[in-house]
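Data block below; observations after.
The values are calculated or read from the model by the stated rules, or taken from the named source; none is laboratory data. This structure is a prediction, so every number in the text was calculated from the model and none was measured. Note: ideal-geometry Cβ built from the backbone for every residue, glycine included; neighbour counts use all protein chains shown. Quick note on the areas: whole protein, heavy atoms, side chains included, nothing else; ligands and nucleic acids left out. Shrake-Rupley method; radii C 1.70, N 1.55, O 1.52, S 1.80 Å.
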Amino acid sequence: MIKNYIKTAYRTLLKNKGFTVLNVLGLSLGLASCLLIIFYVVDELSYDRYNTKADRISRVNEDLKLGENNVLYAVCMPPLAQALKNDFPYVEDAVRLKNGGSRHVKKGGVNILENKTVFADPSLFNVFTLPMINGSPATALTEPNSVVLTETTAKKYFNSTNVIGKTLTFDDNIFYKVSGVIRDIPRQSHFDFDFFISMSTLPDSRSTEWLRSDYNTYVLFKNAGDHKKLEAALPAFLNKYSGEQMQAQLKMSMAAFEKGGSFFRLNLTPLTDIHLKSNRTGELGPNGTTQYVYIFSAIALFILLIACVNFMNLSTARSANRAREVGVRKVLGSLRKHLIAQFLIESILVAFAATVIALTAAIALLPAFNQLSGKDIIVNSQTMVWLIPALLLIVLVVGALAGSYPAFYLSAFQPIAVLKGKLSAGFKGSGLRSFLVVLQFSISIFLIVGTLVIYNQLNYIQTKNLGYNRNEVLIVQNTFELGNRANVFKKEIKQLPGVVNATMTGFLPTSNWKNTAIFFKDAAFDQKKALFPQTWEVDEDYIKTLDMKMAVGRSFSSQMLTDSSGIIINESAAKFLGLKDPLNKPLYRSNGGKQDISNSKEYHIIGVVKDFNFSSLRDVISPMVLVLANNPGALSVRVNTKNLPVVLSQIKDKWKGLTPNIQIDFSFMDQDFDASYRAEQRVGTIFIVFTALAIIIACLGLFGLAAYAAEQRTKEIGIRKILGASIAAIAGMLSFDFLKLVLIAILISLPVGWFLMNKWLQEFAYRVNIQWWVLVLAGFTSIFIALITIGFQSIKAALSNPVNSLRSE
Amino acid sequence: MIKITNLEKFYRTEEVETIALNKLSIEVKTGEFVAIMGPSGCGKSTLLNILGMLDDPDEGSYVFNGIEVAHFTERKRADLRKHNIGFVFQSFNLIDELTVFENVELPLIYTGVPSAERVKRVEEVLDKMQIMHRRNHYPQQLSGGQQQRVAIARAVVNKPKLILADEPTGNLDSSNGNDVMELLTDLNEQGTTIIMVTHSEHDARYSHRIIRLLDGQSVVENIMV
């Protein structure tokens, strides 16, 4: 029996080649898109799972609220890890990591700037699964001044991985002994380092301070459920260790501190949640967001839905042609369930073929997709372990889903009616089919709205006035390496023709340098009114070079000797402090530790700078203060771009004159800015690509349906033509049936799209409004695309000779 | 073999109710060859569909081989039908995607005959209908007469007790039509009961008895000699 079904299915499909190609192509395209997105989502979801103990590892975080300032840290106090090990028997181990920043490592005579350095406790290799190729995991990080390299790094510096005992020179004068070589950090890791330097190298790592946080701390539990126990025990634990220091420095107990509305708490993030759910201060690297995982999953689902709808629609449309077969089979004794089985098998067969094509296509397109998404996804035998069963499941589900309507609909045909030809032209009658077309187009139009809104927001980010001018600014990123000569460098650069101005500081709106301090606006040191602003050390050229505007007051000046105690605040800070006339008002900066006037520095406000964006446009501009200091972090140079290559080579020459051994590291501010929105850019591009695909798939379906409708109405068209209908009238009549559905889809999807995209925009503190033309454009685009799709078929049908169509009856 | 009593069938549309069969009573004995005639709309096809258990009556009784089937479920009717009744249609109703052999084999598949046995029986009946040489052709490759032979082969392959023929010669020229009537006569002589709906007085003459219907009622019965 099944053989007979497969045979019939195969021959039917072969007979209707055009229809089959349309159907298989649509489904393959949909599935291939879906697969690529699934690869992406699975990749995002599998971060840090390479750790065999992943389910037993958590990171300890600190939440701090001081007055109105609320900061979430991914880092904790220096002695925390050891204390956890001592106090809780179910904590098997703990490890601290401390970002080592940029270092220069010597290879031959050249210093190479390395950004991926970190200090790590010896327990690193017990907690994380970082297999060691050479060296002993137990002792590799115990001695001070030892370093463990990744495989690639070892090869880069020594052309070998057999390098235990060799020496690497850091920053020209520090020598670290290589004590181990590990495999490269897996791609799906929330941290990515090349150099692991023993924590004991860092004297600060032995600090016993409990009121500062700068160590990323991870705990390994004995059992997977233990993190709940620890989370419950953390408040008492924290009080035990930091209560005393708090009393000494803030002169209040933890309870009093919390009573005042502030808090200081510890909590845990499971290791596998870090990549998608954690976005705290002091992360070891940029993380992803669940939002995009959701968005992409939704798109994948939409596309699959559209493809399935196509499949169902085309199948049911063809059903009238199969009606006679159903009738004959019923007369010959076939039961309804046999027919259902037959159509389901047929549908599953097509789904299977489409899946094979889709898988091949997805793998072939993977490199392009990787480029698009900025991922590095590979499909290997490991992927196949879950992919093949998943695909088979998809085949069954999609096949059954797509085949169910034709199966149940066709099998319910009354044999007599069918054989008498009463059901042969039942096209208009299918409400479900209309519903499905509406559904498809609603999704497509929604995706068009989404694409336009994302595009607009990205465009807004690119063109928004950020309060500073990022164009034509060249940043020399490593002036700190010049040490004392940094100021000489700045002076020389400022004198170059083509250089408009230059400012030296590491604190830039586009850099990751961040520093906060605690300020009080009066001598009372009221904790509740503490200001917790970004505190940036800048020079007197800062405001001018970056083209920032002063709201009131003035910028720093080299002529004013008192400016070392002057301070510039931004508008947000002025608002926070409630100062109507802020000029010359004092601000007290706490030195840390004991918080009273004796342990602070007094500043007076000399100016208010207009707010400028220094973090993501997702966030509201927070209070910030600028103080005058010599910070040699980087040199930002405003250049005259007319002869940029010349200026650039002159800057390079000046650099070489000062330090021939160190390479200059520079970038352009506008590019740095763009880089920080790369995630959004990628989402935008992916959205556009997959929206286009969704629309193409929907159009394939519509094309098939239109062709079929025209075929079904051949006789009617013939009669109408004989009675004098014009070609335009007939083409219009045929098109309008579908356009009606598209119009309904527009009415449904525009409000939904408007609502959901507004929600997405809420994520941005600075955003565009959805313009009316976006909705109009989306509507017209869909009508236009539908018209092209349908129009071709309609005109073809209208042009046909009526004599032929009537004779065929 | 067949006894229907006071059979009624209505067709309802939204506004009109049409009576297709109006208290019709007919009896057909085993081995008979009965022709049903009448103008368009007299209820011939409705009657044939009910006799073939493709449709059920609204009122009245239908006893087939001693079993009351008037209100059988679809499943039971299908079961009774596939073992006892063969159909021949005016428009042949062969499945285009299946070959001659496969079309004829189909009823055997539905009645669960094993594969080897199926081949034997299909070949036997194709031989009898003289279309063995066409066994691997598709329906569109055959002439109308040949297609109707295949359809008849398919109708008889299960050795049904009753063949219902709905204008079997309607789409054929007279020569092919006569061939088909000869085939049906042969089958009847071998013991199969045949009920045939026809417009053709010529074809009706092959039968033993003509039942003439008008407005859903039997008006005349002609016994052929």
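Assuming residue A:108 fulfils every condition listed in (1) under 30 Å from residue A:297 (Cβ atoms); (2) open to solvent by 10 Å² or more (accessible area, probe 1.4 Å) apart from one, which condition is it?
Result: residue A:108 passes all but (1).
To keep it simple, each residue is scored yes or no on (1) hydrophobic (A, V, I, L, M, F, W, C); (2) over 23 Å from residue B:106 (Cα atoms); (3) touching a helix residue (DSSP H, G or I) at 6+ places or on another chain (Cβ under 8 Å).
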{"position": "B:145", "(1), (2), (3)": "no, no, yes"}
{"position": "B:150", "(1), (2), (3)": "yes, no, yes"}
{"position": "B:159", "(1), (2), (3)": "no, no, no"}
{"position": "B:162", "(1), (2), (3)": "yes, no, yes"}
{"position": "B:176", "(1), (2), (3)": "no, yes, yes"}
{"position": "B:180", "(1), (2), (3)": "yes, no, yes"}
{"position": "B:199", "(1), (2), (3)": "no, yes, no"}
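Could you look through the stretch A:64-91, keep only residues that are part of a strand (DSSP E or B) and not polar (S, T, N, Q), and pick out the one that is farthest from the chain's Cα centre (by Cα)?
In this case the residue turns out to be A:91.
Kindly indicate whether residue A:358 is crowded, with 18+ Cβ neighbours inside 10 Å, aliphatic (A, V, I, L, M), in contact with a Leu (Cβ under 6 Å, 6 or more places away or on another chain) and closer than 18 Å to residue A:312 by Cβ.
Criteria met by residue A:358.
Scan (1) crowded, with 20+ Cβ neighbours inside 10 Å; (2) more than 19 Å from residue B:95 (Cα to Cα) for the single condition residue B:152 breaks and write down its number.
Checking residue B:152 against (1) crowded, with 20+ Cβ neighbours inside 10 Å; (2) more than 19 Å from residue B:95 (Cα to Cα), the one that fails is (2).
With respect to the numbered conditions (1) assigned to a helix (DSSP H, G or I); (2) within 30 Å of residue A:487 (Cα to Cα); (3) touching a residue at least 24 places away in the same chain (Cβ under 8 Å), which one is the sole condition not fulfilled by residue A:653?
Answer for residue A:653: the failing condition is (3).
So, residue A:404, is that one away from every other protein chain (no Cβ under 14 Å) and either out of contact with any strand residue (DSSP E or B) (no Cβ under 7 Å at 6 or more places or on another chain) or at positive phi (or both) or not?
Answer is yes for this residue.
Please find, within the stretch B:123-146, the residue that is surrounded by the most Cβ atoms within 10 Å (Cβ to Cβ) out of those that are within 13 Å of another protein chain (Cβ to nearest Cβ) and outside any loop (DSSP other than H, G, I, E, B).
B:139
Conditions (1) modelled with pLDDT under 85; (2) not in a loop (DSSP other than H, G, I, E, B), marked per residue:
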{"residue": "A:406", "(1), (2)": "yes, yes"}
{"residue": "A:409", "(1), (2)": "yes, yes"}
{"residue": "A:423", "(1), (2)": "yes, no"}
{"residue": "A:432", "(1), (2)": "yes, yes"}
{"residue": "A:436", "(1), (2)": "yes, yes"}
{"residue": "A:443", "(1), (2)": "no, yes"}
{"residue": "A:449", "(1), (2)": "no, yes"}
{"residue": "A:453", "(1), (2)": "no, yes"}
{"residue": "A:468", "(1), (2)": "no, no"}
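State all residues of the stretch A:325-337 that are at the interface with chain B (Cβ under 9 Å from one of its Cβ atoms) and surrounded by 21 or more Cβ atoms within 10 Å (Cβ to Cβ); if no residue qualifies, say none.
Within the stretch A:325-337, A:325, A:327, A:328, A:329, A:330, A:331, A:332, A:333, A:334 meet the criteria.
Which of the residues spanning the stretch A:653-683 are open to solvent by 80 Å² or more (accessible area, probe 1.4 Å) and either on the phi > 0 side of the Ramachandran plot or over 19 Å from the mean Cα position of the chain (by Cα) (or both)?
Once the filter is applied, which keeps residues that are open to solvent by 80 Å² or more (accessible area, probe 1.4 Å) and either on the phi > 0 side of the Ramachandran plot or over 19 Å from the mean Cα position of the chain (by Cα) (or both), the stretch A:653-683 yields A:653, A:656, A:660, A:661, A:663.
Report yes if residue A:394 is surrounded by 17 or more Cβ atoms within 10 Å (Cβ to Cβ), assigned to a loop (DSSP other than H, G, I, E, B) and hydrophobic (A, V, I, L, M, F, W, C), otherwise no.
Answer is no for this residue.
Which of the residues that make up the stretch A:491-546 are outside any strand (DSSP E or B), under 30 Å from residue A:651 (Cα atoms) and hydrophobic (A, V, I, L, M, F, W, C)?
Hits for the stretch A:491-546 are A:493, A:496, A:507, A:508, A:513, A:543, A:546.
Output yes when any residue across the stretch B:162-174 is surrounded by 20 or more Cβ atoms within 10 Å (Cβ to Cβ), at pLDDT below 90 and more than 15 Å from the chain's Cα centre (by Cα), and no when none is.
Looking for residues that are surrounded by 20 or more Cβ atoms within 10 Å (Cβ to Cβ), at pLDDT below 90 and more than 15 Å from the chain's Cα centre (by Cα), one finds at least one in the stretch B:162-174, hence yes.
What number of residues in the stretch A:299-324 are open to solvent by less than 10 Å² (accessible area, probe 1.4 Å) and within 14 Å of chain B (Cβ to nearest Cβ)?
Within the stretch A:299-324, residues that are open to solvent by less than 10 Å² (accessible area, probe 1.4 Å) and within 14 Å of chain B (Cβ to nearest Cβ) number 1.
Which is open to solvent by less than 70 Å² (accessible area, probe 1.4 Å), assigned to a strand (DSSP E or B) and touching a strand residue (DSSP E or B) at 6+ places or on another chain (Cβ under 7 Å), of A:230, A:266, A:234, A:238?
A:266
Kindly state which helices (runs of 4 or more DSSP H) lie completely within the stretch B:20-117 and contain at least 1 residues that are out of contact with any Asp or Glu (no Cβ under 8 Å at 6 or more places or on another chain), surrounded by 18 or more Cβ atoms within 10 Å (Cβ to Cβ) and within 8 Å of chain A (Cβ to nearest Cβ).
Per the criteria, B:74-84, B:100-110.
Here is a check on your reading of the model: is residue A:17 open to solvent by 10 Å² or more (accessible area, probe 1.4 Å), closer than 30 Å to residue A:316 by Cβ and among the charged types (D, E, K, R)?
Considered against the rule, which asks whether it is open to solvent by 10 Å² or more (accessible area, probe 1.4 Å), closer than 30 Å to residue A:316 by Cβ and among the charged types (D, E, K, R), residue A:17 comes out as yes.
Got a sec? Which of B:181, B:196 is buried (at least 24 other Cβ atoms within 10 Å of the Cβ) and modelled with pLDDT of 90 or more?
After applying the criteria, what remains is B:196.
Only one of A:388, A:416, A:394, A:378 is at pLDDT 85 or above and out of contact with any Lys or Arg (no Cβ under 7 Å at 6 or more places or on another chain). Can you tell me which?
Exactly one of A:388, A:416, A:394, A:378 is at pLDDT 85 or above and out of contact with any Lys or Arg (no Cβ under 7 Å at 6 or more places or on another chain), namely A:388.
Could you tell me which residue of the stretch A:10-19 is farthest from residue B:110 (Cα to Cα), considering only residues that are more than 9 Å from every other protein chain (Cβ to nearest Cβ) and out of contact with any Lys or Arg (no Cβ under 7 Å at 6 or more places or on another chain)?
Looking at residues that are more than 9 Å from every other protein chain (Cβ to nearest Cβ) and out of contact with any Lys or Arg (no Cβ under 7 Å at 6 or more places or on another chain), I get A:18.
So which residues in the stretch A:684-699 are modelled with pLDDT of 85 or more, within 20 Å of residue A:402 (Cβ to Cβ) and open to solvent by 10 Å² or more (accessible area, probe 1.4 Å), if there are any at all?
A:693, A:696
Of the numbered conditions (1) surrounded by fewer than 16 Cβ atoms within 10 Å (Cβ to Cβ); (2) within 30 Å of residue B:138 (Cα to Cα), residue A:52 satisfies every one except a single condition; which is it?
Every listed condition holds for residue A:52 apart from (2).
Can we say residue A:340 is more than 14 Å from chain B (Cβ to nearest Cβ) and modelled with pLDDT of 85 or more?
No: the conditions fail for residue A:340.
So if I check each of A:446, A:489, which one is open to solvent by less than 10 Å² (accessible area, probe 1.4 Å) and either within 32 Å of the chain's Cα centre (by Cα) or of a type outside the set (S, T, N, Q) (or both)?
A:489
Out of the residues in the stretch A:20-48 meeting the condition of being open to solvent by 40 Å² or more (accessible area, probe 1.4 Å) and farther than 15 Å from residue A:377 by Cβ, tell me which one is nearest to the other protein chains (Cβ to nearest Cβ).
Looking at the filtered set, the residue picked out is A:21.
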